[in-house]
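The values are calculated or read from the model by the stated rules, or taken from the named source; none is laboratory data. Fair warning: this is a prediction, and the values are worked out from it, not measured in the lab. Cβ: placed from backbone, ideal geometry, glycine included. Neighbour counts: every protein chain shown.
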Amino acid sequence: MAAIDPRTLMWTRACELIDRAERLHRQFFRPTAEPIRDAIWAPPVDIVETESDILITVALPGVDENAVTVSIDNDSILVAGFRHASAFPRGSLVHRLEIPYGRFERQLSFTGRRLRLSESELACGCLSLKFSKQPSMEGRLHV
């Protein structure tokens with residue numbers, strides 16, 4: 001009887017575990033055709049502050065501009081919406097789904113500062129928001 005190399009067994013077991021993890025991921029994170037009420041992902045943001053403005057960029061690849069809402073109240077900004085799943089051809093085999101789909105929401109809070117939305121644009125997969133700072137208020141932005 002031939003001896004089995006332990007390294008071969010280790011790599012075989014590791015590959016089996018990776019395959020199992022990917023199957024479980026596909027099973028539990030399937031794209032859904034129906035809207036989900038609670039937010040299931042939060043888009044990444046970049047925040048840059050100048051002397052007179054706060055510039056916020058929200059990464060929303062593949063999101064239609066009609067599917068995004070921006071709400072501004074006294075102390076926070078809320079960007080919310082829905083990203084629809086891509087249409088997969090019938091009978092296709094999905095190997096990996098890493099781009100989030102479904103309802104998204106990102107809330108940014110700020111205290112002691114009055115901001116006024118001066119510009120907004122959704123282009124190239126990014127929502128750009130420009131807020132003018134009101135000179136009478138001082139405070140910090142909290143993400």
Those residues of the stretch 93-109 which are touching a His at 6+ places or on another chain (Cβ under 8 Å) and either β-branched (Val, Ile, Thr) or not in a loop (DSSP other than H, G, I, E, B) (or both), in sequence order: 108, 109
Just to be sure, is residue 94 within 30 Å of residue 21 (Cα to Cα), among the aliphatic types (A, V, I, L, M) and more than 15 Å from the chain's Cα centre (by Cα)? yes
Just one of the numbered conditions (1) surrounded by 11 or more Cβ atoms within 10 Å (Cβ to Cβ); (2) at pLDDT 85 or above; (3) aliphatic (A, V, I, L, M); (4) not in a loop (DSSP other than H, G, I, E, B) is not true of residue 63; which one? (4)
Is it fair to say residue 48 is closer than 26 Å to residue 130 by Cα and within 15 Å of the chain's Cα centre (by Cα)? no
Looking at the stretch 125-143, which of the residues that are modelled with pLDDT under 60 and surrounded by fewer than 16 Cβ atoms within 10 Å (Cβ to Cβ) is nearest to residue 66 (Cα to Cα)? 143
Can you list residue pairs whose Cβ atoms sit under 6 Å apart, with the first residue in the stretch 40-63 being of a type outside the set (A, V, I, L, M, F, W, C) and the second being buried (at least 16 other Cβ atoms within 10 Å of the Cβ) and in a loop (DSSP other than H, G, I, E, B)? Count only pairs 6 or more apart in sequence or on different chains. 43/60
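Residue-by-condition table, conditions (1) of a type in the set (Gly, Ala, Ser); (2) surrounded by 12 or more Cβ atoms within 10 Å (Cβ to Cβ); (3) in contact with a Cys (Cβ under 7 Å, 6 or more places away or on another chain):
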{"site": "56", "(1), (2), (3)": "no, yes, no"}
{"site": "70", "(1), (2), (3)": "no, yes, no"}
{"site": "77", "(1), (2), (3)": "no, yes, no"}
{"site": "88", "(1), (2), (3)": "no, no, no"}
{"site": "92", "(1), (2), (3)": "yes, no, no"}
{"site": "108", "(1), (2), (3)": "no, yes, no"}
{"site": "112", "(1), (2), (3)": "yes, no, no"}
{"site": "120", "(1), (2), (3)": "yes, yes, no"}
